[in-house]
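Below is one structure; the comments refer to it alone.
The values are calculated or read from the model by the stated rules, or taken from the named source; none is laboratory data. Values in this document were obtained by computation on a predicted structure and should not be read as measured data. Cβ placement follows ideal geometry from the backbone for every residue including glycine, while neighbour counts extend to all protein chains displayed. Remember, those area values only see protein heavy atoms, side chains included, never the ligands or the DNA or RNA. Shrake-Rupley method; radii C 1.70, N 1.55, O 1.52, S 1.80 Å.
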Amino acid sequence: GAGVSQSPSNKVTEKGKDVELRCDPISGHTALYWYRQSLGQGLEFLIYFQGNSAPDKSGLPSDRFSAERTGGSVSTLTIQRTQQEDSAVYLCASSFPIADTQYFGPGTRLTVL
Amino acid sequence: GDSVTQMEGPVTLSEEAFLTINCTYTATGYPSLFWYVQYPGEGLQLLLKATKADDKGSNKGFEATYRKETTSFHLEKGSVQVSDSAVYFCALSDLRSNYQLIWGAGTKLIIKP
């Protein structure tokens with residue numbers, strides 16, 4: 001596609017449920033990042049994938065958060081046992097390898113009731 | 001660790017006024033510096049970037065110069081328009097941390113006609 005796509009655009013869930021958020025990066029971009037944008041914390045890095053290398057998970061806030069990237073393309077961010085503090089906009093970005101300009105998707109707005 | 005500090009908003013200006021949004025950074029390496037913009041209801045877009053000292057990034061009439069001596073990357077525009085109303089984020093990235101973006105808190109800009 002022309003840009004980074006994310007789905008769903010909005011997700012409302014109940015506390016304690018699991019959610020999956022999807023990111024489809026720009027074709028040819030091997031680097032993929034997840035960020036979170038929340039009112040209290042601003043923008044924060046979550047996880048980074050580069051090709052087939054082990055991901056950099058240093059930004060994941062707890063072990064309830066995990067992500068995978070299949071076939072070096074689509075990525076899924078999973079949040080287990082959601083809490084109200086997980087409510088935020090989850091952003092995905094991609095870039096060429098060894099490059100520092102990231103292109104962002106429109107985000108998934110997650111609301112945990 | 002590396003960090004970015006930008007002026008708090010909201011910043012309210014009249015159309016055709018001169019704009020400055022201050023951004024300073026702390027980094028141990030030689031980061032690249034960015035300004036991203038988020039228009040109402042839209043995703044993050046790269047506005048401009050600079051990759052080394054004294055570089056000037058420019059786009060859509062906005063400019064910012066990478067000043068290593070003052071560790072700053074202030075955003076300027078000579079004559080703002082109502083359509084420039086948005087939230088502006090200053091950020092840095094470095095190869096040492098896989099180019100993950102480290103963000104400022106964002107500055108909301110309101111332009112009145």
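Of all residues in region B:90-112, those satisfying the criterion of being facing chain A (nearest Cβ under 7 Å) and either on the phi > 0 side of the Ramachandran plot or not in a loop (DSSP other than H, G, I, E, B) (or both) are B:SER93, B:ASN98, B:TYR99, B:TRP103, B:GLY106. Only one of the numbered conditions (1) open to solvent by 50 Å² or more (accessible area, probe 1.4 Å); (2) facing another protein chain (nearest Cβ under 9 Å) is not met by A:SER95, and that is (1).
For (1) out of contact with any Lys or Arg (no Cβ under 6 Å at 6 or more places or on another chain); (2) open to solvent by 40 Å² or more (accessible area, probe 1.4 Å); (3) closer than 21 Å to A:SER38 by Cα, each residue gets a yes or a no:
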position	(1), (2), (3)
B:TYR25	yes, no, no
B:TYR30	yes, yes, no
B:ALA50	yes, no, no
B:PHE62	no, no, no
B:PHE89	yes, no, yes
B:TRP103	yes, no, yes
B:GLY106	yes, no, yes
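You will find that of A:ARG36, A:ARG109, A:ARG81, the residue that is part of a strand (DSSP E or B), farther than 19 Å from B:LEU95 by Cβ and open to solvent by 50 Å² or more (accessible area, probe 1.4 Å) is A:ARG109 and no other.
Out of all the residues in region B:75-87, is one or more touching a strand residue (DSSP E or B) at 6+ places or on another chain (Cβ under 6 Å) and within 12 Å of another protein chain (Cβ to nearest Cβ)? Break it down stepwise before answering.
Taking region B:75-87 first, the residues touching a strand residue (DSSP E or B) at 6+ places or on another chain (Cβ under 6 Å) are B:75-77, B:80, B:82, B:84-87.
Among the residues that remain, those that are also within 12 Å of another protein chain (Cβ to nearest Cβ) are: B:87.
Yes, region B:75-87 contains a residue that is touching a strand residue (DSSP E or B) at 6+ places or on another chain (Cβ under 6 Å) and within 12 Å of another protein chain (Cβ to nearest Cβ).
From the set of residues in region B:68-87 that are assigned to a strand (DSSP E or B) and open to solvent by 10 Å² or more (accessible area, probe 1.4 Å), which is modelled with the lowest pLDDT? Step by step, filter region B:68-87, then rank; the result is B:VAL87. The residues of region A:54-68 include none that are open to solvent by 70 Å² or more (accessible area, probe 1.4 Å), more than 20 Å from A:GLY42 (Cα to Cα) and of a type in the set (S, T, N, Q).
If you check A:GLY42, A:GLY72 for being within 12 Å of chain B (Cβ to nearest Cβ) and either on the phi < 0 side of the Ramachandran plot or open to solvent by less than 70 Å² (accessible area, probe 1.4 Å) (or both), only one passes: A:GLY42. Go through the residues of region B:10-21 one by one and say whether even a single one is open to solvent by less than 40 Å² (accessible area, probe 1.4 Å) and within 14 Å of another protein chain (Cβ to nearest Cβ). No, region B:10-21 contains no residue that is open to solvent by less than 40 Å² (accessible area, probe 1.4 Å) and within 14 Å of another protein chain (Cβ to nearest Cβ).
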